[in-house]
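Below is one structure, written out as structure tokens, with a few remarks after it.
The values are calculated or read from the model by the stated rules, or taken from the named source; none is laboratory data. Quick caveat: nothing in here was measured; it's all calculated off a predicted structure. We place every Cβ from the backbone using ideal geometry, glycine too, and count neighbours over all the protein chains shown. Only protein heavy atoms, including side chains, enter the accessible area calculation; ligands, DNA and RNA are left aside. Shrake-Rupley method; radii C 1.70, N 1.55, O 1.52, S 1.80 Å.
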Amino acid sequence: HLTPPLADVLTVGRDTSQGPCRSLRYAVFGGESLRPVHLDAIHQLAPKATCVNGYGATETPQIMSWYVVPPEFPSNREQVPIGQGIDGVQILVLNNTGQLAGTGELGEIYIRTPYLTLGYMNDEALTSARFLPNPFRPETGDRIYRTGDMGRLLPDGNIEFAGRKDFQVKIRGFRIEVGEVEVVLGQHPAVAEVVVVPGEDSHGDRQLVAYLVINETPSPSISEIRSFLNQKLPEYMIPSAFVFLEALPRTPNGKVDRKALPAPDRNRSQPAEALVAPRDELELQLTKIWEKVLGVKNIGMKDNFFDLGGHSLMAVRLFALIQKRFGKDLPLTILFQAPTFEQLANICRQEGFAEPWTCLLYTSDAADD
């Protein structure tokens, strides 16, 4: 019985000359999302072991649902389902109206079992918020437990875990389940582990920060990861900052310690060849504007606005400052077609290009921002 990350710990540094562990018959996972990469890890140790994904809560007996992973489980699935309730237990997914969620609809997971704890000691308010009368069978004593976990009912009747409800954040007016972003990031073949948390950019605005443990050498670039996410997520769900770690910090019981995650480093260290000094006054002024908007130093010619944490609202700030500094307007669409510093600078030098683009002309007597 182990958490998914411990499967990797068991296989790291193992002496393969000793051969596989044939006495291990079952590996029962719990505590975090189980992904195919964890199945691969345990099967390196014990090729014949049957893997079981268990799900439960502290307020219930340890395992309330389970899913026996079939040998042919697809490796391209983002995660392993938590299955269905064990004997005498119902796992319910309810939507925002308190009704049973439809197939594929995101909802909150509730557990119905006669073995619920009585509640929280000396906390009646929390007890009444979490332990609710069963709305579908209002007989006395029939209760359900509100887990705070999100999930979906799959077409085969199993349930898929979709992150914590209390990890729901609002970014630029959009409500986002960070668990959904983690699931998509976890589909990247180079990503071994991932955690996404809310943070703040240099202006104090909310942003998503992704912490990644990579299992490939060389590591993929941020541009490559962003390109992967762009194919699967809308722009507002893509993290603004990416932090690469050797390992995720963990609590003594093996869960990710989100409080111990390091803050993104805004002081970037660039190789000397990437740090080409501004070649003229135009590039110098644009560098100042980029640094002000993005809150980072050491802007390189090949740097991509979005890879540096830029997003649509920052783009508005960027072009507003360009208009203020040079007295010319540019459509925002240019930044999506020419997102690197060098590309934007080259466009600003052009004269007479076709509409709707307008050339920016630098005048040496313009006031510095």
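Return the total of residues in region 129-163 being open to solvent by less than 60 Å² (accessible area, probe 1.4 Å) and closer than 22 Å to GLY83 by Cβ.
Number of matching residues: 18.
Among the residues of region 156-167, is there at least one that is in contact (Cβ under 8 Å) with a residue 40 or more places away in the chain and part of a loop (DSSP other than H, G, I, E, B)?
Yes, there is a match, as at least one residue in region 156-167 is in contact (Cβ under 8 Å) with a residue 40 or more places away in the chain and part of a loop (DSSP other than H, G, I, E, B).
Between a residue in region 331-344 that is at pLDDT below 85 and any residue that is surrounded by fewer than 17 Cβ atoms within 10 Å (Cβ to Cβ) and in a helix (DSSP H, G or I), which pairs come within a Cβ distance under 8 Å, given they are 6 or more apart or on different chains?
Listed pairs, sorted by first residue: LEU332/SER312; LEU332/VAL316.
Looking only at region 322-344, count how many residues are surrounded by fewer than 18 Cβ atoms within 10 Å (Cβ to Cβ) and in a helix (DSSP H, G or I).
Residues meeting the conditions: 7.
When the residues of region 290-316 are narrowed to those that are open to solvent by 20 Å² or more (accessible area, probe 1.4 Å) and at pLDDT below 80, which ends up farthest from GLU342 (Cα to Cα)?
Filtering first and then ranking leaves LEU313.
Is there any pair with a first residue in region 199-228 that is more than 28 Å from ILE289 (Cα to Cα) and open to solvent by 40 Å² or more (accessible area, probe 1.4 Å) and a second that is at pLDDT 85 or above and among the acidic types (Asp, Glu) whose Cβ atoms are under 9 Å apart and which are 6 or more apart or on different chains, and what are they?
These pairs meet every condition: ASN215/GLU193.
Only one of (1) in a strand (DSSP E or B); (2) over 30 Å from LEU2 (Cα atoms) is not met by PHE228, so which one is it?
Here PHE228 meets the rest and fails (1).
Within region 46-56, can you find the residues that are surrounded by fewer than 20 Cβ atoms within 10 Å (Cβ to Cβ) and closer than 23 Å to GLU182 by Cα?
Once the filter is applied, which keeps residues that are surrounded by fewer than 20 Cβ atoms within 10 Å (Cβ to Cβ) and closer than 23 Å to GLU182 by Cα, region 46-56 yields VAL52, GLY54.
How many residues are without any contact (Cβ under 8 Å) to a residue 60 or more places away in the chain, in a loop (DSSP other than H, G, I, E, B) and on the phi < 0 side of the Ramachandran plot when one looks only at region 82-94?
Residues in region 82-94 being without any contact (Cβ under 8 Å) to a residue 60 or more places away in the chain, in a loop (DSSP other than H, G, I, E, B) and on the phi < 0 side of the Ramachandran plot: 3 in total.
Of the numbered conditions (1) in contact (Cβ under 8 Å) with a residue 12 or more places away in the chain; (2) of a type outside the set (A, V, I, L, M); (3) exposed (fewer than 15 other Cβ atoms within 10 Å of the Cβ), GLU180 satisfies every one except a single condition; which is it?
(3)
Those residues that are surrounded by fewer than 17 Cβ atoms within 10 Å (Cβ to Cβ), out of contact with any Pro (no Cβ under 9 Å at 6 or more places or on another chain) and not in a helix (DSSP H, G or I), I need them from region 234-246; list them, please.
PRO234, PHE244, GLU246 - these are the residues of region 234-246 that are surrounded by fewer than 17 Cβ atoms within 10 Å (Cβ to Cβ), out of contact with any Pro (no Cβ under 9 Å at 6 or more places or on another chain) and not in a helix (DSSP H, G or I).
Residue check, LEU39 against (1) open to solvent by 30 Å² or more (accessible area, probe 1.4 Å); (2) under 22 Å from the mean Cα position of the chain (by Cα); (3) among the aliphatic types (A, V, I, L, M), all met but one. Which one?
(1)
What are the residue pairs meeting all of these: first residue in region 38-61, first residue farther than 18 Å from ARG130 by Cα and assigned to a helix (DSSP H, G or I), second residue open to solvent by 10 Å² or more (accessible area, probe 1.4 Å) and not hydrophobic (A, V, I, L, M, F, W, C), Cβ atoms under 6 Å, and 6 or more apart or on different chains?
ALA41/ASP8; ALA41/THR11; GLN44/THR11; LEU45/THR11
Being open to solvent by less than 80 Å² (accessible area, probe 1.4 Å) and either at pLDDT below 85 or acidic (Asp, Glu) (or both): is that true of ASP265 here?
Criteria not met by ASP265.
Among the residues of region 268-289 satisfying the criterion of being at pLDDT below 60 and assigned to a loop (DSSP other than H, G, I, E, B), which is most open to solvent (accessible area, probe 1.4 Å)?
Of everything passing the filter in region 268-289, SER269 is most open to solvent (accessible area, probe 1.4 Å).
Since THR251 meets every condition but one in (1) within 17 Å of PRO4 (Cβ to Cβ); (2) open to solvent by less than 20 Å² (accessible area, probe 1.4 Å), which condition does it not meet?
Among (1) within 17 Å of PRO4 (Cβ to Cβ); (2) open to solvent by less than 20 Å² (accessible area, probe 1.4 Å), the lone unmet condition for THR251 is (2).
Just the residues that are polar (S, T, N, Q) and in a strand (DSSP E or B), please, taken from region 168-193.
GLN168
Just checking, does region 62-71 include any residue being in contact with a Gly (Cβ under 7 Å, 6 or more places away or on another chain), open to solvent by less than 20 Å² (accessible area, probe 1.4 Å), in contact (Cβ under 8 Å) with a residue 12 or more places away in the chain and not aromatic (Phe, Trp, Tyr)? It would help to see each step written out before you state the result.
Initial filter on region 62-71 (in contact with a Gly (Cβ under 7 Å, 6 or more places away or on another chain)): 62-67.
From what's left, open to solvent by less than 20 Å² (accessible area, probe 1.4 Å): 64-65.
The next check asks that each one be in contact (Cβ under 8 Å) with a residue 12 or more places away in the chain; those that pass are 64-65.
Subset that is not aromatic (Phe, Trp, Tyr): 64-65.
Within region 62-71 (the criterion being in contact with a Gly (Cβ under 7 Å, 6 or more places away or on another chain), open to solvent by less than 20 Å² (accessible area, probe 1.4 Å), in contact (Cβ under 8 Å) with a residue 12 or more places away in the chain and not aromatic (Phe, Trp, Tyr)), the answer is yes, since at least one residue qualifies.
Matching residues to (1) in contact (Cβ under 8 Å) with a residue 12 or more places away in the chain; (2) open to solvent by less than 30 Å² (accessible area, probe 1.4 Å); (3) within 16 Å of ARG146 (Cα to Cα); (4) not in a loop (DSSP other than H, G, I, E, B):
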| position | (1), (2), (3), (4) |
| --- | --- |
| ARG77 | yes, no, no, no |
| VAL80 | yes, yes, no, no |
| ASN96 | no, no, yes, no |
| GLU105 | yes, no, no, no |
